[in-house]
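Okay, structure first, notes after.
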Amino acid sequence: MRERAEVDAPAIRHGDRTWTWREHVAEASAQAASLIAMATSGRPLHVGTLMGNTPDMLTALAAAALGGYVLCGVNTTRRGDAIARDVARVDCQILLTDAEHRHLLDGVELPGVTVVDVSAPEWAERASTAPRLTPHREVAADDTFMMIFTSGTSGEPKAVQVPHAMVLFAGTALVERYGLDASDVCYLAMPLFHSNAVYAGWSVALGAGATMVPAAFSASRFLPDVRRYGATYMNYVGKPLAYILATAEQHDDADNTLRIAFGNEAADRDIEEFGRRFGCTVWDGFGSTETAVIITRPDDCPTGSIGRGFPGVAIYDPETVRECEVARFDDTGALVNADAATGELVNTQGSGLFRGYYNDPGATDQRMRHGMYWSGDLAYRDVDGWIYLAGRTADWMRVDGENLTTAPIERILLRLDVISRVAVYPVPDEFVGDQVMAAIVLRDDAHLDEDGFAQFLAAQRDLSPKAWPRMVWLADDLPSTATNKILKRELVALGVEPAGRTLWRREGRIYHQVDQRAISGTDR
């Protein structure tokens, strides 16, 4: 940030306004000085942010870097007591918000926390008279820059302590890999309180000296924004590519400036189609906020794989604490030793770049067992070392005595072109174990009927008959986190009653739409 203090190239474009790096660093320095001056000594200087993707949020990030205090990103989709718990968990003494999000704090008890509305005129006046910045501390590489909460897909969010070095490590690697420089424009539409936006967006722009374009993600505004600002790089996490691809294709979609899209968790089909449709290169990798397990995806990565792991990355059985068997496949490509080959992704060399969850030793200890980091991600690895995700540890299903995981089934269902997004998850079997259920969102104006779906499944030679969904929900959308990750626990909680939904139930290999009466029966 200090190296950019006298640079007059554009740093931020938002609407019709442009900030140079010189202006941006000056505003961030003034904010940092003001916050340090109002802070209470003897308490951790932790500053929370409850803001969207705006220039003000970028200023807060830069101010924390320059000021040497810890920034705490509060998820803007949290409400009420959940916000209070998060703010208390990370020991915030100051909470920054803006006019758009200030109402989220109405009625929320935040003892010992000073709330600052950075969009208010009085704050601008205070910042304009701020003293010269003397950092709260001169940070070292391993000092905490930010507290970033996990997505909360498998439980309450936990605050990951992110060191300064991690941000620079991530950004520098991507700048070098993609040859980015000050002429590039980075489109930042993923939530800036989350790790993907910080590691793969903000840090990239900072490292390259590129222009940042903060935006709220919208599938319909994506291409107009790229063209308006001349965006050349974007980051994503979760399902944004699928959302964009669900919109109607136009003949001139590739007429734009985008060169690189980098992110996590896109389907292979969406990676290929997005690159073709918008004339760019899509690079998808594996990553988590903790960054304890690092997997890279080279150019020759086979379809379905997330790549190869760094030294120490392995797949272990959590009960035996032994490495799982190498995956074996039959002539159709189906995994034949799923029970023995599927296990949890671990870092056998320790915690990697993970510095623990703040104020949560129990959760940290759960991750660090037997001297290894346990990710909670299920996977298997083939004889050549390629790793394939199988879901989260909660995604195991026991179907008619056979163990199944959800991710391989989801990958197969996405071969059906009319499907935009899909989530596979277990629901209780009426006798014992689980049934497979799939929630499906179709592309815009697409159609899928029961017979067509069954015919598609029958044609997939690598799909076990036990993996055929017993229940299918044709959904308009799926519940998801602010980072576009599907909340399967909410899907499970909906059960298998129609309750106004379009549901299909399978009997043998035939699907029938379920009426509004409660589901019961003994068909297998």
Q. What's the number of the condition Asp377 fails, among (1) over 20 Å from the mean Cα position of the chain (by Cα); (2) not in a loop (DSSP other than H, G, I, E, B)?
A. (1)
(Q) Quick check on region 124-155: of everything there that is among the acidic types (Asp, Glu) and touching a residue at least 12 places away in the same chain (Cβ under 8 Å), which residue is surrounded by the most Cβ atoms within 10 Å (Cβ to Cβ)? (A) Asp143
Q. Pick from Gly391, Gly352: which is of a type outside the set (A, V, I, L, M), at pLDDT below 90 and either over 23 Å from Ala266 (Cβ atoms) or not in a strand (DSSP E or B) (or both)?
A. Gly352
Q: Pull up region 326-341, narrow it to residues that are part of a loop (DSSP other than H, G, I, E, B) and touching a Ser or Thr at 6+ places or on another chain (Cβ under 9 Å), then point me to the one that is farthest from Val383 (Cα to Cα).
A: Ala334
Q | Every residue from region 451-472 that is part of a helix (DSSP H, G or I) and without any contact (Cβ under 8 Å) to a residue 60 or more places away in the chain | A | Gly452, Phe453, Ala454, Gln455, Phe456, Leu457, Ala458, Pro465
(Q) Tell me the residue from Val399, Val427 that is farther than 17 Å from Leu241 by Cβ, in contact with a Lys or Arg (Cβ under 6 Å, 6 or more places away or on another chain), among the hydrophobic types (A, V, I, L, M, F, W, C) and surrounded by fewer than 21 Cβ atoms within 10 Å (Cβ to Cβ), please. (A) Val399
Q: Please give the number of the condition Val204 fails out of (1) assigned to a loop (DSSP other than H, G, I, E, B); (2) under 27 Å from Ile486 (Cβ atoms).
A: (1)
(Q) Against the condition in contact (Cβ under 8 Å) with a residue 40 or more places away in the chain, charged (D, E, K, R) and in contact with a Phe, Trp or Tyr (Cβ under 6 Å, 6 or more places away or on another chain), how does Arg13 come out, does it pass? (A) yes
Q) Thr393: in contact with a strand residue (DSSP E or B) (Cβ under 8 Å, 6 or more places away or on another chain) and free of Cβ contacts under 8 Å to residues at least 12 places away in the same chain, yes or no? A) no
Q. Across region 483-503, what is the total count of residues that are buried (at least 19 other Cβ atoms within 10 Å of the Cβ) and of a type outside the set (Lys, Arg)?
A. 6
Q. Taking region 1-42 as the search range and keeping residues that are β-branched (Val, Ile, Thr) and assigned to a helix (DSSP H, G or I), which one is surrounded by the fewest Cβ atoms within 10 Å (Cβ to Cβ)?
A. Ile36
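Here is a yes/no grid of residues against (1) out of contact with any helix residue (DSSP H, G or I) (no Cβ under 7 Å at 6 or more places or on another chain); (2) closer than 24 Å to Arg2 by Cβ; (3) small (Gly, Ala, Ser):
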| residue | (1), (2), (3) |
| --- | --- |
| Val47 | no, yes, no |
| Thr54 | yes, yes, no |
| Cys92 | yes, no, no |
| Leu95 | no, no, no |
| Val115 | no, no, no |
| Glu125 | yes, no, no |
| Pro135 | no, yes, no |
| Val139 | no, yes, no |
Q.
over 20 Å from the mean Cα position of the chain (by Cα) and either aromatic (Phe, Trp, Tyr) or outside the structural domain of Val313 (by TED's automatic domain parsing) (or both): which single residue out of Gly350, Gly362, Gly433 fits that description?
A. Gly433
Q | Checking Leu133 against (1) in a loop (DSSP other than H, G, I, E, B); (2) closer than 18 Å to Ala30 by Cα; (3) hydrophobic (A, V, I, L, M, F, W, C); (4) out of contact with any Leu (no Cβ under 9 Å at 6 or more places or on another chain), the condition it does not meet | A | (4)
**Q.** Sole exception among (1) in contact with a Leu (Cβ under 7 Å, 6 or more places away or on another chain); (2) at pLDDT below 95 for Tyr380, by number
**A.** (2)
Q: Those residues that are out of contact with any Lys or Arg (no Cβ under 8 Å at 6 or more places or on another chain) and buried (at least 19 other Cβ atoms within 10 Å of the Cβ), I need them from region 207-224; list them, please.
A: Gly207, Ala208, Ala210, Pro214, Phe217, Phe222, Leu223
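Conditions (1) at pLDDT 95 or above; (2) closer than 22 Å to Met1 by Cβ, marked per residue:
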residue: Ser195; (1), (2): no, yes
residue: Gly207; (1), (2): yes, yes
residue: Asn235; (1), (2): yes, yes
residue: Ile244; (1), (2): yes, no
Q) surrounded by fewer than 13 Cβ atoms within 10 Å (Cβ to Cβ) and touching a Lys or Arg at 6+ places or on another chain (Cβ under 7 Å) - does that describe any residue in region 317-334? A) yes
Q: Check Gly304 against each of (1) crowded, with 18+ Cβ neighbours inside 10 Å; (2) within 24 Å of the chain's Cα centre (by Cα) and name the one condition it does not meet.
A: (1)
Q) How many residues are outside any strand (DSSP E or B), out of contact with any Phe, Trp or Tyr (no Cβ under 6 Å at 6 or more places or on another chain) and under 29 Å from Ala219 (Cα atoms) when one looks only at region 473-497? A) 15
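The values are calculated or read from the model by the stated rules, or taken from the named source; none is laboratory data. Predicted, not measured: the structure shown is a model, and the values here were computed from it. FYI the Cβ positions are ideal-geometry reconstructions off the backbone, even for glycines, and counts take in every protein chain you see.
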